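Asks: Got a structure for you, written out below as structure tokens; questions coming shortly.
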Amino acid sequence: MAKNKKRDIEQEYPKKQFIEKLRRLADCIENDEKFRIQITGERITVPPHAIINIEHEIGKQTEEIEFQLKWKITK
């Protein structure tokens with residue numbers, strides 16, 4: 001997949017897998033290391049300088065919390 005192609009996907013995980021990923025992510029953030037994850041077949045590397053935020057959304061029938069990592073794309 002091209003690096004600059006727009007993409008918006010969601011991947012559901014069983015609770016145990018989600019917990020493992022969160023723990024790995026927390027360890028990487030705490031140790032100022034890059035975080036690697038594969039989502040729908042694509043390997044993604046999150047740099048240690050990524051901006052971290054938490055978003056809360058309320059819709060008509062659903063409520064959502066998103067843990068987000070954002071960083072600039074380098075060419």
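The values are calculated or read from the model by the stated rules, or taken from the named source; none is laboratory data. Everything quoted here is computed from the prediction, not taken from an experiment. Heads up, the Cβs are rebuilt from the backbone with ideal geometry, glycines too, and the neighbour counts pull from every protein chain shown.
Asks: When both residues are 6+ apart or on different chains and their Cβ atoms are under 9 Å apart, which pairs have a first residue that lies in segment 38-65 and is over 22 Å from Q17 (Cα atoms), and a second that is of a type in the set (K, R) and part of a strand (DSSP E or B)?
Replies: Once the first residue is over 22 Å from Q17 (Cα atoms) and sits in segment 38-65, its partners that are of a type in the set (K, R) and part of a strand (DSSP E or B) give A50/K70; I51/K70.
Asks: Right, next: I'd like to verify a number: residues in segment 38-63 that are touching a strand residue (DSSP E or B) at 6+ places or on another chain (Cβ under 8 Å) and modelled with pLDDT under 95, how many?
Replies: So the count comes out to 3.
Asks: Name the single residue, out of those in segment 35-70 being among the polar types (S, T, N, Q) and outside any strand (DSSP E or B), that is surrounded by the most Cβ atoms within 10 Å (Cβ to Cβ).
Replies: If we take residues in segment 35-70 being among the polar types (S, T, N, Q) and outside any strand (DSSP E or B), then T40 is surrounded by the most Cβ atoms within 10 Å (Cβ to Cβ).
Asks: In segment 19-34, what count of residues is obtained for those that are loosely packed, with under 11 Cβ neighbours inside 10 Å and in contact (Cβ under 8 Å) with a residue 12 or more places away in the chain?
Replies: Qualifying residue count, segment 19-34: 1.
Asks: Checking W71 against (1) at pLDDT 95 or above; (2) more than 21 Å from I9 (Cβ to Cβ): exactly one of these is not met. Which one?
Replies: Condition (2) is where W71 drops out.
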